[in-house]
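Structure first, commentary second.
Since every read-out is calculated from the coordinates, none of them should be taken as a lab result. Since we're looking at a predicted model, the values are computed, not measured. We place every Cβ from the backbone using ideal geometry, glycine too, and count neighbours over all the protein chains shown.
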Amino acid sequence: MKFRCIFFLLAIILSFSSCISTKKLSYLQETEAVDSIIKMQRLKKPYRIQIGDLLSIRVKALDQELVGMFNPIGEANPNATTEEAVYFDGFTVDDHGNIRVPTLGLLNVLGYTVEEVREKIENELLEQYFKEEANLFVTVKLAGIRYTTLGEIGSGSQVIYKEQVSIIEAIANAGGITDVGDRQHVKIVRQYPHGEKVHIIDVTSIEATSSPYYYIQPNDVIIVNPLPQKALGFGTTGLESFRTIATVFTLITSVVLIFTR
C-alpha cells in the first residue's frame, strides 16, 4: 500500500513536469526588463540579391509603345495565377548573378539591392534608348518572398507577396507551430554568397523583434524541432501526462499481481 502511494505521488510529479507550460507555447512574451510599449529596433539591413532570386521589373514612360518591349506580356496566359505569372514574366538571377533584360542583354545584379538594380536599369535605358524628357519610371521588386518550413510546423514551400516579412508572419502563414514544437529554438537556415549558416531565434520572447533574423529573407529554411515531451510521449498537458502514467502504472501493477499470485 505504501509502495502504491509513493508511486502515485511520483506519477503526479512526473505528469506535471512533463507537460508543456504556457511559457513555451506563447509568442513574444514581455519580461520585466521590457517596457509595455514594444520598441522595435530596426536592425534589418537592405537585402542583397542572390542567385535564384526572382525579380519583377516594370518600365513606364510617356510613350508606352516605346517601353512595351521591356515589360512582360501578362496577357499571354490569362488563366495563369499570380505566382505563375510572376514565374513566367519575372527575371531569374542565373548562376553567374545575371538577369537577361530585353534589348539591354545581361545585367549583373548579384549583391545589389533592389534600389541599386532600379538605378542601374534606369541609367542604362537613359543612356541607350531614352532622353530625360521621356519621364522614365522604373520599378524593381522581389517577386515575393519564398521560404521553406520543416518540422513541427506546416511543411512545404511558402510564398508571401510582400517586401518585408517577419518570422511571426512566416510562421502564421505556414499554419503555426504545433503544441510540441520548440518555439525557443527556431532554426533559420540562410543562404549567403559563401554558403549557408544556421541562426537561432526565440519567438517566445519579445526580444525576438530586435533580432537581426526577425525578418526572413528569400530562400530561408525555417526548422522547428520537437520538444522532449513528444519523444517521451507523455502528452502536452498535465492531465494527458497523468493519464498516460496512470495507464502504464495500472499495466505494471496488473502484471506484477499476476506473476506474484
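Using 20 Å as the Cα-Cα cut-off, could you pick out the over-long pairs in Lys45/Lys162; Lys45/Lys197; Lys141/Lys197; Lys23/Lys197; Lys23/Lys162? It would help to have the intermediate numbers written out before the result.
On the way: Lys45/Lys162 16 Å; Lys45/Lys197 17 Å; Lys141/Lys197 25 Å; Lys23/Lys197 28 Å; Lys23/Lys162 30 Å.
Over 20 Å apart, Cα to Cα: Lys141/Lys197; Lys23/Lys197; Lys23/Lys162.
Among the trypsin sites (Lys or Arg not before Pro) in region 95-170, those placed in a DSSP loop whose Cβ has at most 15 other Cβ atoms within 10 Å are Lys131, Lys162. Look at Lys197, Lys60 and count the other Cβ atoms within 10 Å of each Cβ; fewest to most, that gives Lys197, Lys60.
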